[in-house]
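Bear in mind these aren't lab numbers, they're just calculated from the coordinates by the rules spelled out. Just so we're clear, the structure is a prediction, and the values are computed from it rather than from any experiment. Heads up, the Cβs are rebuilt from the backbone with ideal geometry, glycines too, and the neighbour counts pull from every protein chain shown.
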Amino acid sequence: MTGSALILGIESSCDETAAAIVDRGVVVRSSVVASQNEIHTKYGGVVPELASRAHMERIMPVIRRAIEEAGVTLDRVDAIAVGHRPGLIGSLLIGVAAAKALAWSLGKPLIGVDHVQAHLYAGLLGASTEPQSDGAPKAETGDHELFPALGLVVSGGHTSIYLLRSWLELQRLGATIDDALGEAYDKVATILGVPFPGGPNLDRLAQTPGANDRIEDLPISRLSPTSLDFSFSGLKTAMLYQVRGVPEHPAHKRAESRYVAPPPLTDERRRDLAATFQRAAVRTVTLKLERALEQLRQRGVHPKSLLTGGGVTANSRLRTELAVFASAQQLTLALPHMAYCVDNAAMLAGLAFHHLQAGRTSDLTLEPVPTTAC
Ligand code: KG4
Ligand code: ZN
């Protein structure tokens, strides 16, 4: 495709209302994200009904702002992309309805995109909202240098490893069997009394100068020797015991199963527990990446890159350790800029460019779906 290919992306899967204009899959002309943190903070988590009402109020103003900031008019947009799965059904419905209405009224193609798959694309988006000086997008020509690729999504709802043969062909190699990593962060933040939003606040606490990341021996889940799945529930329970004490086991009244009181949760201990949890959580991820790579290489598949995305790729320690891992394994690392780690519409509009090129568009029967296809 030559010239520009402007795609308007719309995102409303959870508690962020977002719209973006992306040119040829990589040049972000605008990316607007309206967070609902202030609405959900007092409940300690996202309240689905409140989220969909807020999407309804914000969706058109957010789309209008994205168009304005990109300096284009709606009739210049080549396609409308929307994250139609996975997510909260009432939230998805708002974005899907807006996208369908725009696509129909403008007579432009509609592209339904899987939000989880789009997270894997986020590392390709440039920090700049301007086109490159030669007018050419940075990464459009580089796809052959990326695939096959190892993929990692770590978000509030998903923690999965993939093998990608192209942007549109991916195979899931492993996924969490209980909590997603972001969910574990959020729950452990609650256990430690760290305010909402838990993940970023816990990360900040863990980075406090002087924090000791080895005060306890926390479990790092491996599951079976070859498993590429994740489990974070044991780590979460271990943190609960560190804070509330080890409960007496009802089936054993022996002395060693009595309630064990925890040390007092001082500011210093809270900080050290946050750092210790962070170390174990991140190690659980790198361990599975090492395993996945080893297994792929044994099968004769040699990934050239590591594509990463999802809210938890904003995590300071994970970013550092992913860089160390990729460099040791000679993989090109696509780590999203901070703005594209958490939910945004630019990643959807970027990936949708590849759908458009492959002729994969949707019709007006497109529906929101709560689960991911990948
Ligand atoms: O991708 P995302 O915005 O939404 C989903 O698709 O789930 O991810 C949100 C998740 C939340 O659980 C949030 O606590 C977590 O990402 N998160 C973090 C950090 N920033 C966001 N977790 C750990 N450290 C962070 N810095
Ligand atoms: Zn997400």
(message) Show me the ranking of peptides 365-372, 303-310 by mean Cβ neighbours inside 10 Å, starting with the highest.
(response) 303-310, 365-372
(message) I need the phi-derived Karplus couplings for segment 167-174: 6.51 cos²θ - 1.76 cosθ + 1.60, θ = phi - 60°, integer Hz, Gly and Pro marked x.
(response) 5, 10, 10, 9, 10, 7, 9, x
(request) Using only Cα atoms, locate the centre of segment 176-199 and the centre of segment 46-80, then give the distance between them in Å, rounded to an integer. (result) 29
(message) For a test of the definition: using alpha carbon positions, the gyration tensor, and the 1.5 limit on a/c, classify the chain as rounded, prolate or oblate.
(response) prolate
(message) Show me the ranking of peptides 31-44, 284-297 by mean Cβ neighbours inside 10 Å, starting with the highest.
(response) 284-297, 31-44
(message) Per DSSP helix of 4 or more residues, -39500 (n - 2.57); summed, then divided by the residues of the chain. What does that give at 222 nm, rounded to the nearest 500?
(response) -12500 deg cm²/dmol
(request) Please work out the C-alpha center-to-center distance from segment 281-350 to segment 227-249 and express it in whole Å. (result) 25
(request) Order by neighbour count: Cys374, Cys14, fewest other Cβ atoms within 10 Å first, most last. (result) Cys374, Cys14
(request) Assign unit charges at the C-beta atoms only (+1 for Lys and Arg, -1 for Asp and Glu), then state the dipole size of the chain relative to its Cα centre in Debye, rounded to the nearest 20. (result) 720
(message) For a quick check: sort Lys187, Lys100 by the number of other beta carbons within 10 angstrom, fewest at the front.
(response) Lys187, Lys100
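Using the count of nearby Cβ atoms within 10 Å as a rough guide to exposure, how do Met60, Met347, Met338 rank from fewest to most?
Listing Met60, Met347, Met338 from fewest to most nearby Cβ atoms yields Met338, Met60, Met347.
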(message) For the ranges 164-175, 265-276, what's the packing order if you count other beta-carbon atoms within 10 Å of each residue, average per peptide, and put the highest first?
(response) 265-276, 164-175
(request) Starting from the amide H of Gly174, placed 1.01 Å from N in the peptide plane, find each other amide H under 5 Å away whose residue is 5 or more places distant or on another chain. (result) Ile161
